[in-house]
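The values are calculated or read from the model by the stated rules, or taken from the named source; none is laboratory data. Remember, it's a predicted structure, so these values are computed and weren't measured experimentally. Here the Cβ positions follow ideal geometry from the backbone for every residue, glycine too, while neighbour counts run over all protein chains shown. These area figures cover heavy atoms from the full protein model, side chains too; ligands, DNA and RNA do not enter into them. Shrake-Rupley method; radii C 1.70, N 1.55, O 1.52, S 1.80 Å.
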Amino acid sequence: MDQSIPEINDHEMQDGTQTNSAAATQNAASPIPSATPPKPDEKLCFSPKYILSGHTKPVASLKFSPDGSTLASCGADKLIKLWDANTGEILRTLEGHEEGISDIAWSFDGEFLASVSDDKTVRIWDFGLGTQVRCLLGHTSFVFCVNYNPNSNLLVSGGFDETVRVWDVGRGKTLKVLPAHSDPVTSVAFNHDGTLIVSCAMDGLIRIWDTDSGQCLKTLVDDDNPICSHVKFSPNSRFVLVSTQDSTIRLWNYHTSRCVKTYVGHTNRTYCIPACFSSTKEKYIVSGSEDHKVYVWNLQTCQLMQVLEGHRDTILTIDTHPTKDIIASAAMEKDLTIRLWFGEMTQPIE
């Protein structure tokens, strides 16, 4: 990494105008008390608190609800499971997909869930009722990734038909089909105000799209062109965090087409493993790994803060809590568990 790159300030990474996000609103309204600031030598340490069992095949995606009260999981067993994020108790199981589920996403008001599957459908579920309310048809092959826009009136999805689709949630209709990539699309997301879409694919390209026009505004690609597993905007949308199958996570300034931070140490050469930003005052990056561990890096220094051990197989998916230092992780066949890791400030043992 180029050590001459200046620090990315907190205000550069966090967005104070994201009023559509319940999590962002809560952060702005309820800052973490600073009456007893941590001592300089204190550091954030995660330890496992809950191990959740219930899925019978690998878990493909984990997502905390916007208010952080619920964790949703989905997987190859065709099920969506909803868990109490504070106690680890199972709340409900949603059934309906005919093949394995690859991804799930919450609406920003927390009232709905979207899921995508190898059955080529995008389905929308009412969280309160636990029922399916829409089944969106249009993809011609496996659907791999999905996300809501901040107003929760649009969905974006991508899949093995190499397209990105933008959906009108209310009408259940396709608004746009973007001929986005030349290989399966592995990740899609909106920025903080819904004006941009980012996508990445097995072709190694990261593309930024104008939501309204469907025009491709920017294409990013690393010199070595590794397969792109996952991409997401930073909270204020000035950067994109990209996971690639060369065991590297890169933070890109897409305006300048420059990689400004690089995070390494984990193993990722086979599976599409996501990376996440923290949403608390402690700034860190989290990723799963094919060596069965969860890796946590300092956002600014790119140094490893902690490696979390306990899973017995490749960690396919992780997520970070919207308001607390909590990490959720899930692993493949030899494990099949979901683990909730809780962080706290600790002092080194002298």
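Things to note:
- Filtered by the rule that a residue be surrounded by fewer than 22 Cβ atoms within 10 Å (Cβ to Cβ) and among the acidic types (Asp, Glu), segment 84-131 gives Asp84, Glu89, Glu95, Glu98, Glu99, Asp109, Glu111, Asp118, Asp119, Asp126.
- Considering Pro66, Pro6, Pro31, Pro38, the condition of being more than 25 Å from His192 (Cβ to Cβ) and either modelled with pLDDT of 95 or more or assigned to a loop (DSSP other than H, G, I, E, B) (or both) is satisfied by Pro38 alone.
- Filtered residue count, segment 248-266, keeping only those that are surrounded by 18 or more Cβ atoms within 10 Å (Cβ to Cβ), within 20 Å of Thr320 (Cα to Cα) and among the hydroxyl-bearing types (Ser, Thr, Tyr): 2
- Where strands (runs of 3 or more DSSP E) fall entirely within segment 178-237, those with at least 3 residues that are β-branched (Val, Ile, Thr) and either open to solvent by 20 Å² or more (accessible area, probe 1.4 Å) or touching a strand residue (DSSP E or B) at 6+ places or on another chain (Cβ under 6 Å) (or both) are at 185-190.
- When the residues of segment 308-350 are filtered to those that are of a type in the set (A, V, I, L, M, F, W, C) and either over 17 Å from Gly288 (Cβ atoms) or outside any strand (DSSP E or B) (or both), the one that is least open to solvent (accessible area, probe 1.4 Å) is Met332.
- Meets criteria (in a strand (DSSP E or B), surrounded by fewer than 18 Cβ atoms within 10 Å (Cβ to Cβ) and not hydroxyl-bearing (Ser, Thr, Tyr)) for Leu136: no
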